[in-house]
Amino acid sequence: MAGPSKTTSQELSLARQIGVLLAQHHAVVVCGGLGGVMEACAEGASSAGGTVVGLLPGLERSQGNRYLTVALATGLGELRNGVLVSACDALIVVGGSWGTLSEIALAQRAEKPVVSLCGWRLPVQATAAGGSLPIEVSTPVEAVGAVLPCCLESSGDDG
């Protein structure tokens, strides 16, 4: 899960709903572990009994939001975005920021599915180097539905 720490109340609500849906389908949520969209998704997943892993940019686990099941202090700063992308089967993005855009680019480069809800619209020229644009969806249900088959395939879970 990716998204900005400075966000709108609508984006926070959408991220919470995505967290709940992912937890209900037994998906492990991996996020940046801080506030904003990351915290809202973690809150939703945690409220539904899910597991949330936060990959923190700093050296202190205490910097993570209170809804994390596991807080990993990477000490990598924003470079932790690459670790996040490597650790996930698919990336759901809510909203937009420069850090979020870097996660989208890394996921696209790694040929991982990227789903965007209320995110920045990328120009068609972004596909010039090959690949495709993120899948744009309108609801949290569509977002989770777009990645769930991928997540289930990778984990071997059949339902």
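The values are calculated or read from the model by the stated rules, or taken from the named source; none is laboratory data. Quantities reported herein were computed from a predicted structural model and do not represent experimental measurements. Ideal geometry is used to build each Cβ from the backbone, glycine not excepted, and the neighbour counts take in all protein chains shown. With ligands, DNA and RNA removed, areas are computed over all heavy atoms of the protein, side chains included. Shrake-Rupley method; radii C 1.70, N 1.55, O 1.52, S 1.80 Å.
Structure data summary
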| item | result |
| --- | --- |
| Exposure ranking of SER102, SER138 by accessible area [1.4 Å probe, largest first] | SER138, SER102 |
| Mean Cβ neighbour count within 10 Å, used as a protection proxy, ranking 39-51, 68-80 highest first | 39-51, 68-80 |
| Solvent-accessible area, 1.4 Å probe, carbon plus sulfur percent, for the chain | 53 percent |
| Per-residue ³J(HN,Hα) for the stretch 41-58, Karplus 6.51 cos²θ - 1.76 cosθ + 1.60, θ = phi - 60°, Hz, x for Gly and Pro | 5, 4, 4, x, 5, 5, 5, 9, x, x, 9, 10, 9, x, 9, 7, x, x |
| Sequence-distant residues sharing a close amide H with GLU136 (under 5 Å, placed H) | SER116 |
| The stretch 11-24 - phi-based ³J(HN,Hα) in whole Hz, Karplus 6.51/-1.76/1.60, Gly and Pro as x | 5, 4, 4, 4, 5, 4, 4, 4, x, 4, 5, 4, 5, 5 |
| Segment GLU142-ARG109, length gained on full extension (0.36 nm per residue, minus Cα span) | 9.6 nm |
| Shape of the stretch 25-111, Cα gyration tensor, a/c cut at 1.5 | oblate |
| Backbone HN-Hα couplings from phi across the stretch 3-8 [Karplus 6.51/-1.76/1.60, Hz, Gly and Pro as x] | x, x, 7, 9, 8, 9 |
| Computed label-point distance, nm, for sites ARG61 and TRP98 using a 7 Å Cα→Cβ extension | 3.1 nm |
| Coordinate range along principal axes, alpha carbons of the chain, Å, largest first | 42, 35, 32 |
| Heavy-atom accessible area per residue - the stretch 24-133, 1.4 Å, Å² | 50 Å² |
| Long-range HN-HN contacts of ALA2 with modeled amide H, under 5 Å | ILE92, VAL93, VAL94 |
| Gained length - ALA87 relative to GLN10, 0.36 nm times residue gap less alpha-carbon distance | 25.0 nm |
| Placed amide H near GLY33: partners under 5 Å, 5+ positions off or other chain | LEU55 |
